[in-house]
4 protein chains.
Amino acid sequence: MIRVTVWNEFLHEKEDAAVKKIYPDGIHQAIARFLNQQPDFQVTTATLEQPEQGLSAPLLAQTDVLIWWGHKAHDKVRDAVVDRVHQRVLEGMGLIALHSAHYSKIFRKLMGTNCSLKWREAGEKERLWNIAPGHPITAGIGEYIELPATEMYGERFDIPTPDSLIFISWFKGGEVFRSGCCWERGHGRVFYFRPGHETHPIFHNSEIQQVLTNAVRWAATGVNIPDICPNVEPLELID
Amino acid sequence: MIRVTVWNEFLHEKEDAAVKKIYPDGIHQAIARFLNQQPDFQVTTATLEQPEQGLSAPLLAQTDVLIWWGHKAHDKVRDAVVDRVHQRVLEGMGLIALHSAHYSKIFRKLMGTNCSLKWREAGEKERLWNIAPGHPITAGIGEYIELPATEMYGERFDIPTPDSLIFISWFKGGEVFRSGCCWERGHGRVFYFRPGHETHPIFHNSEIQQVLTNAVRWAATGVNIPDICPNVEPLELID
Amino acid sequence: MIRVTVWNEFLHEKEDAAVKKIYPDGIHQAIARFLNQQPDFQVTTATLEQPEQGLSAPLLAQTDVLIWWGHKAHDKVRDAVVDRVHQRVLEGMGLIALHSAHYSKIFRKLMGTNCSLKWREAGEKERLWNIAPGHPITAGIGEYIELPATEMYGERFDIPTPDSLIFISWFKGGEVFRSGCCWERGHGRVFYFRPGHETHPIFHNSEIQQVLTNAVRWAATGVNIPDICPNVEPLELID
Amino acid sequence: MIRVTVWNEFLHEKEDAAVKKIYPDGIHQAIARFLNQQPDFQVTTATLEQPEQGLSAPLLAQTDVLIWWGHKAHDKVRDAVVDRVHQRVLEGMGLIALHSAHYSKIFRKLMGTNCSLKWREAGEKERLWNIAPGHPITAGIGEYIELPATEMYGERFDIPTPDSLIFISWFKGGEVFRSGCCWERGHGRVFYFRPGHETHPIFHNSEIQQVLTNAVRWAATGVNIPDICPNVEPLELID
């Protein structure tokens with residue numbers, strides 16, 4: 001059983017009628033719904049305005065993979081909450097950062113870089129090329145995924161070189177982007193996945209759902225290794 | 001001309017007679033002295049107890065490579081100073097983190113991990129194996145460097161996989177360690193180099209001096225690229 | 001079901017009484033025996049002196065993970081057989097190269113480098129440090145594995161930087177070695193594992209058996225993607 | 001002084017009038033001409049139909065960086081010549097593989113993979129995005145390079161994950177490609193650069209010339225380390 005927590009800042013859907021129409025119960029519920037179809041997933045949701053910003057220590061201790069959607073309220077997430085999530089990733093919890101989560105505190109803290117990029121909201125076509133067809137995250141995905149209308153993110157994306165580069169996006173307007181990237185940090189696995197703007201029905205797309213389902217399985221390491229920095233005795237004679 | 005700033009917390013040398021005997025003017029001055037023998041290096045020193053903790057914005061703006069030695073006062077370095085150094089690295093400034101700087105705020109912020117390790121102060125023998133004899137950092141270095149007496153650092157070192165692994169240490173007491181590691185972060189280059197405990201005359205060793213001199217040249221990228229996250233117009237017709 | 005083929009040149013065991021005593025049925029049978037205890041593994045063995053050097057196209061087509069032990073007869077393996085194995089790895093078959101297989105034709109072909117190293121047969125102690133305790137290959141393994149008497153392999157090991165470095169060995173005689181290394185090549189996964197000299201009972205060690213069992217699961221990608229280089233039509237209007 | 005050898009199979013330019021019009025003296029001479037403007041470069045050319053296929057051992061021993069253009073005669077390059085070049089790269093010689101050299105014997109041998117890709121000759125627009133503006137290979141290059149008409153190469157490009165990814169191409173027809181990739185192999189550095197089809201005047205483009213000039217400097221390691229696999233004495237007491 002893989003325990004997944006889907007965290008969403010859950011503000012756009014309450015404030016913007018167009019977004020609410022696409023995600024009436026919030027992006028988190030849309031994601032939880034398709035993940036829940038996996039018999040071996042146990043899915044919880046959490047949002048910014050809940051107590052402890054939805055991310056209590058007991059919940060995180062029971063989470064194998066955390067999915068993160070945030071956009072306009074990155075600064076509202078308290079540093080203490082970010083530190084708690086950060087330690088859990090380093091202990092072995094998976095983290096899947098979606099779309100505008102490139103600028104979340106937790107993603108930037110794990111990367112150590114600015115995570116800046118180019119952007120444009122013009123509803124243009126995106127084609128995500130599958131660079132790693134043998135990788136577990138692309139199981140069941142063909143040569144590419146086409147999205148008819150998306151927000152554009154363009155290079156240079158200020159990230160450390162990914163351990164594995166899974167998708168590269170082509171945009172109609174002329175840009176490219178490293179749209180699916182894997183890193184290991186501590187004992188945990190991190191996947192950044194670009195699609196997911198709130199004004200487009202990205203999370204209703206079955207191929208996007210397949211990628212996220214695969215990513216949960218990939219990010220679930222099954223380990224939980226606390227940090228130590230021990231003073232140790234020698235294993236061999238020193239003199 | 002490569003502009004180098006050698007930063008040292010400079011506390012042990014003032015408080016501990018044994019350390020003062022090895023480094024009467026401080027570790028920073030010992031390092032500055034041998035770097036200054038390079039005609040194309042312009043070397044400045046800076047210490048924790050100076051105004052702005054020695055790291056003012058103007059000085060950082062004029063620094064191509066920053067060398068960092070810290071140990072007992074990591075927590076005293078203010079977050080604002082760390083953020084300033086961090087941004088300069090992402091813009092292209094090199095950072096060389098020495099020995100106990102594995103636990104400095106700036107190194108941990110760049111890595112995104114705990115940077116913990118095993119340790120032992122027993123004055124044992126260390127042999128740093130040169131894993132990358134073609135790399136600029138090992139120019140002039142043979143198969144290995146031997147240090148007759150050092151503090152031990154042992155694996156697992158909680159760091160992201162280095163872009164290049166330069167040295168692996170063998171310790172008499174039975175441990176190993178990734179002792180020379182390179183990463184790129186933003187537009188800057190980071191080198192971690194393990195040797196350098198304050199109670200051993202490590203920075204008087206000519207091979208260690210050669211490595212640090214090489215590392216300064218490697219870390220000096222010559223670029224200074226400010227961070228941006230622009231909203232851009234399309235380069236091609238979208239419709 | 002994971003289909004494993006254990007290939008062994010199977011010469012030392014027939015020619016050298018000391019080796020035969022340790023592995024009366026050959027190294028391949030010793031390995032097959034403990035792998036066969038996994039209910040989801042289906043294990044076949046193959047040896048150099050069989051027809052088609054034990055590696056027919058039909059067998060390879062039915063192999064998910066190939067384990068390779070060779071030493072004194074690397075040159076006897078025909079290039080056509082090597083090419084066949086190579087294509088299967090690029091299609092998605094896993095390859096686990098053991099000990100002296102660092103110098104096998106297939107491993108060198110996948111690496112693109114000389115794969116040379118230092119060596120010494122002195123029966124000294126080796127300690128393999130677990131650098132990646134969260135990796136599937138080290139599941140169930142503690143901080144290190146100790147082998148009381150082994151052949152020594154020392155750096156510099158002439159390999160491309162591993163995608164993941166799993167074990168670093170410490171040797172009593174003063175050397176270190178990257179003893180467990182992972183790479184992706186094409187759609188396949190490659191694991192090199194250092195221990196396994198024929199004059200020591202390495203494959204009877206339960207921790208070594210655990211690592212190899214784990215490595216088989218890790219290397220089984222489940223994909224089989226033939227190579228193509230197609231001339232394609234545009235997906236968008238060009239003019 | 002960096003000694004550069006520009007190797008070209010030099011067949012298209014002799015057989016095809018359209019190509020000859022663009023490169024009357026051959027692609028190698030066009031490349032040698034702009035490289036020769038660097039006062040610290042010493043440039044030699046070599047072609048397939050010369051004695052020893054242009055690549056004698058003495059010439060290679062005097063070459064710091066080899067540039068390779070080949071297309072229709074990859075199979076004509078003798079394995080002994082390929083092996084000679086391969087060893088020199090592993091000893092520290094740089095190799096810059098251009099365009100259709102993705103399928104050359106030497107590039108495939110260094111990569112260990114098929115190096116296959118998608119392709120289309122339709123003279124469409126290409127935009128190479130500069131993913132690594134702080135890297136020496138992109139010095140003087142802006143956010144992207146535009147080529148008004150090129151042959152298309154599309155993903156998936158069957159290569160090992162590059163150590164550094166420098167350029168990603170956008171094609172008008174809808175594809176993307178990792179167009180500038182760096183690897184280390186042995187002690188040598190390898191750069192693959194996609195542009196350069198013989199029917200387009202790519203090597204007359206000043207930005208392409210800048211990239212190649214930069215790449216030569218980057219690939220010149222200055223080292224020449226022969227391969228060894230020594231039997232060594234212990235450095236420490238074993239018993």
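Taking the Cα-to-Cβ direction at B:Glu233 and at D:Ser206 and moving 7 Å from each Cα, how far apart do the two end points lie in nm?
Here the modelled spin labels are 2.4 nm apart.
Take the Cα pairs of the protein assembly as shown, get the Kirkwood Rh, then feed it into Stokes-Einstein at 25 °C and 0.890 mPa s and tell me D in µm²/s.
The Stokes-Einstein estimate is 84 µm²/s.
Run lengths n ≥ 4 of DSSP H only: what is the helix-derived mean residue ellipticity at 222 nm for chain A, with -39500 (n - 2.57) per run over all residues, to the nearest 500?
-6500 deg cm²/dmol
Put a point 7 Å out from Cα along the line to Cβ at D:Asp16; what are the distances to that point in the other copies, in nm, shortest first?
Its label point is 5.0, 5.5, 6.9 nm from the equivalent points in the other copies.
Rounded to whole Å and sorted largest first, what semi-axes of the equivalent ellipsoid does the C-alpha gyration tensor of chain D yield via the square root of 5 times each eigenvalue?
In descending order, the three semi-axes are 30, 21, 18 Å.
For peptide B:181-189, how many partner chain Cβ atoms fall within 10 Å of a residue's Cβ, on average?
Neighbouring Cβ atoms belonging to other protein chains average 4 per residue here.
Test of understanding: express the Cα radius of gyration of the stretch D:162-223 as a ratio to 2.2 N^0.38 Å, with N the residue count.
1.24
Quick one: label points 7 angstrom along Cα→Cβ at D:Asp79, distances to the other copies in nm, smallest first?
0.1, 6.3, 6.3
Relative to the other copies, what are the label-point distances for C:Gln38, with labels 7 Å from Cα along the C-beta vector, expressed in nm at one decimal and sorted shortest first?
Its label point is 2.1, 4.9, 4.9 nm from the equivalent points in the other copies.
Classify the stretch A:65-157 as rounded, prolate or oblate, taking a ≥ b ≥ c as the square roots of the eigenvalues of its Cα gyration tensor: rounded when a/c is under 1.5, otherwise prolate if a/b is larger than b/c and oblate if not.
In terms of gyration-tensor shape, oblate.
Between C:Gln42 and A:Glu49, with labels modelled 7 Å along Cα→Cβ, what's the label distance in nm to one decimal, could you check?
Each label point lies 7 Å from its Cα, and together they span 5.6 nm.
How large is the Kirkwood hydrodynamic radius of the stretch B:101-239, counting all unique pairs of alpha carbons, in Å?
Radius from the Kirkwood sum: 16.7 Å.
Starting from the Cα gyration tensor of the stretch C:4-99, take the square roots of the eigenvalues, sort them a ≥ b ≥ c, and report rounded, prolate or oblate (rounded when a/c is under 1.5, otherwise prolate if a/b is larger than b/c, else oblate).
Taking the square roots of the gyration eigenvalues as a ≥ b ≥ c, the stretch C:4-99 is oblate.
With +1 on each Lys and Arg Cβ and -1 on each Asp and Glu Cβ, how big is the dipole of the stretch C:14-90 about its Cα centre, in debye rounded to the nearest 20?
Rounded to the nearest 20 debye, it is 180 debye.
Need one value for D:226-234: mean number of C-beta atoms belonging to other chains within 10 Å of its residues' C-beta atoms.
The mean count of partner-chain Cβ atoms within 10 Å per residue comes to 6.
Run through the stretch A:1-68 and list the GluC sites (Glu not before Pro) located in a DSSP loop whose Cβ has at most 14 other Cβ atoms within 10 Å.
Sparse-neighbourhood loop GluC sites (Glu not before Pro): A:Glu49.
Name the residues whose placed amide hydrogens come within less than 5 Å of the amide hydrogen of A:Ile96, ignoring near sequence neighbours (fewer than 5 apart) on the same chain.
Result for A:Ile96 returns A:Leu66, A:Ile67, A:Trp68, A:Phe191.
Over the whole of B:33-40, what's the average partner chain Cβ count within 10 Å per residue? Rounded to a whole number, please.
Partner-chain Cβ atoms within 10 Å, mean over residues of B:33-40: 0.
Over 21 Å between Cα atoms: which of C:Lys21/C:Lys72; D:Lys14/D:Lys172; B:Lys76/B:Lys105; A:Lys20/A:Lys105; C:Lys76/C:Lys105 fall into that group?
Distance filter (> 21 Å) returns D:Lys14/D:Lys172; A:Lys20/A:Lys105.
What does the charge dipole of the protein assembly as shown about its Cα centre add up to, to the nearest 20 debye, if the Cβ of each Lys and Arg holds +1 and the Cβ of each Asp and Glu holds -1?
0 debye
Under a Cβ-only charge scheme (Lys and Arg +1, Asp and Glu -1), can you give me the dipole magnitude of the stretch A:3-153 about the Cα centre, in debye to the nearest 20?
Dipole size: approximately 200 debye.
Label the stretch C:1-54 by shape, choosing from rounded, prolate and oblate, from the square roots a ≥ b ≥ c of the eigenvalues of the Cα gyration tensor; if a/c is under 1.5 it is rounded, and otherwise prolate applies when a/b is larger than b/c, oblate when it is not.
Oblate.
Percent relative contact order of chain B, based on C-alpha pairs within less than 8 angstrom and at least six residues apart?
Computed over chain B, the figure is 21 percent.
When N is the residue count of the stretch C:120-172, what does its C-alpha Rg come to as a fraction of 2.2 N^0.38 Å?
So the stretch C:120-172 has a normalised radius of gyration of 1.22.
Grab the beta carbon distance between D:Asn224 and B:Arg33, set R0 = 25 Å, and tell me the FRET efficiency rounded to 0.05.
0.15
Quick note: the coordinates plus some simple rules give every number you see, no bench work behind them. Given the structure is predicted, the values throughout are model-derived calculations rather than measurements. Heads up, the Cβs are rebuilt from the backbone with ideal geometry, glycines too, and the neighbour counts pull from every protein chain shown.
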